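What follows is a short report on a single structure.
The values are calculated or read from the model by the stated rules, or taken from the named source; none is laboratory data. These numbers come from a predicted model, not from an experiment. Because the Cβ atoms are built from the backbone with ideal geometry, glycine has one as well, and the counts that use them run over all protein chains shown. Calculation scope for accessible area: heavy atoms of the full protein, side chains included, ligands and nucleic acids excluded. Shrake-Rupley method; radii C 1.70, N 1.55, O 1.52, S 1.80 Å.
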Amino acid sequence: QVQLVESGGGLVQPGGSLRLSCAASETIFSFNSMGWYRQAPGKQRELVATITSGGNTNYVNSVLGRFTISRDNAKNTVYLQMNSLKPEDTAVYYCNAARDLWDYWGKGTLVTVSS
């Protein structure tokens, strides 16, 4: 059973930064892609960023230039560096790993952007 454990969420002021981590229970080379999704209160879960096993990245327009997804294969960990945070970035952030027809999810970490 694949386990994904997120960490790094918390309360931050607008304009601040956070780095989220997602530690996988097995080698991340085995996944076609990994990514971060978020779900704000009363809204549907949305894609934030993904990174493929080859290192190709994709971002939702609203975070372009502010967020960066990266991976450390040796640590089986994927990161999301979030800069210039806005109140509208407040959400539970979920780590996702995709392999063939299967999707795996972490339990999420809460990010609150507020003054």
Mind checking which aspartates and glutamates have their Cα closer than 12 Å to the Cα of LYS75? Skip sequence neighbours fewer than 8 apart in that chain.
GLU26
Measure off, as a whole percent, the carbon and sulfur share of the 1.4 Å-probe accessible area of the chain, all protein chains present.
48
Where Lys and Arg each count +1 and Asp and Glu each count -1, what net charge lies around GLY35 among other residues with Cβ under 15 Å from its Cβ?
+1
Quick one: which residues, 5 or more positions from LEU85 or on another chain, have an amide H under 5 Å from its amide H? H modelled 1.01 Å from N in the peptide plane, none for Pro or chain starts.
GLY15, GLY16
For the range 2-103, whose charge dipole is built from +1 on Lys and Arg Cβ atoms and -1 on Asp and Glu Cβ atoms, the candidate among SER25, SER62, TYR37 with its Cα farthest towards the positive end is SER62
Hull surface over four for the Cα convex hull of the chain, reported in nm², is 6.8
On a straight-distance basis, which lysines could pair with LYS43 in a cross-link, Cα separation under 23 angstrom, same-chain partners fewer than 8 positions away excluded?
LYS86, LYS107
For the range 40-46, in order, what is each residue's ³J(HN,Hα) by Karplus, 6.51 cos²θ - 1.76 cosθ + 1.60 with θ = phi - 60°, in whole Hz (x at glycine and Pro)?
8, x, x, 10, 6, 5, 10
Which length gain, in nm to one decimal place, applies between GLN1 and GLN44 when the Cα-Cα distance is subtracted from 0.36 nm times their residue separation?
12.9 nm
Of ASN73, ASN83, ASN96, the one that fluctuates the most in a GNM where the chain has Cα springs shorter than 10 Å
ASN73
If you count only protein heavy atoms with a 1.4 Å probe, what accessible area per residue comes out for the chain, rounded to a whole Å²?
54
Calculated from backbone phi, Karplus (6.51, -1.76, 1.60) coupling profile of the range 108-113 in Hz, x at Gly/Pro:
x, 9, 8, 10, 10, 10
Rel. contact order, % - alpha carbon contacts under 8 angstrom, at least six apart, the range 1-98:
36
